[in-house]
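For reference, the structure is listed below as structure tokens.
We did not get these values from a lab; they are worked out from the coordinates using the rules stated. All of these numbers come straight from a predicted model, not from anything done at the bench. Here the Cβ positions follow ideal geometry from the backbone for every residue, glycine too, while neighbour counts run over all protein chains shown.
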Amino acid sequence: MTPKTFETRCLRLPAATKVVQWEGTSVFKVGGKMFALSGGYTASSGGYMFKVSNMAYAMLIEHGLARPAPYLARATWIQLTSNNALPDAELTAYIAQAHALIVAKLTRKARKEIESG
């Protein structure tokens, strides 16, 4: 998946925003919380980074498609070995899951605002 497509898929999700931080890294957020990273720092050290479930974390690392994300591994974030480590459809599903995992941890008020609008 190209960086532009990754960005488009992230920003299509409800209430998703993008800010550029850390050496030009695109940081995708929902409710002020990160759910995915691309470009900048991530490009120089591997592929896209995003939040995953505990099971996906173990599976992706075990199959050699990803490694624990630097500084974020304790929060079950992975970094793909390359931007093309997963088929586009699968990566799109993981991006949506990352978004959902972060939304689930937001306050009830913030979740309602995202769902209504």
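Some values worked out for this structure:
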read-out	value
In region 58-92, the residues that are touching a Leu at 6+ places or on another chain (Cβ under 9 Å) and aliphatic (A, V, I, L, M)	Met59, Leu60, Leu65, Ala66, Ala69, Leu72, Ile78, Leu80, Ala85, Leu86, Leu91
Those residues of region 1-38 which are more than 14 Å from the chain's Cα centre (by Cα) and β-branched (Val, Ile, Thr), in sequence order	Thr2, Val20
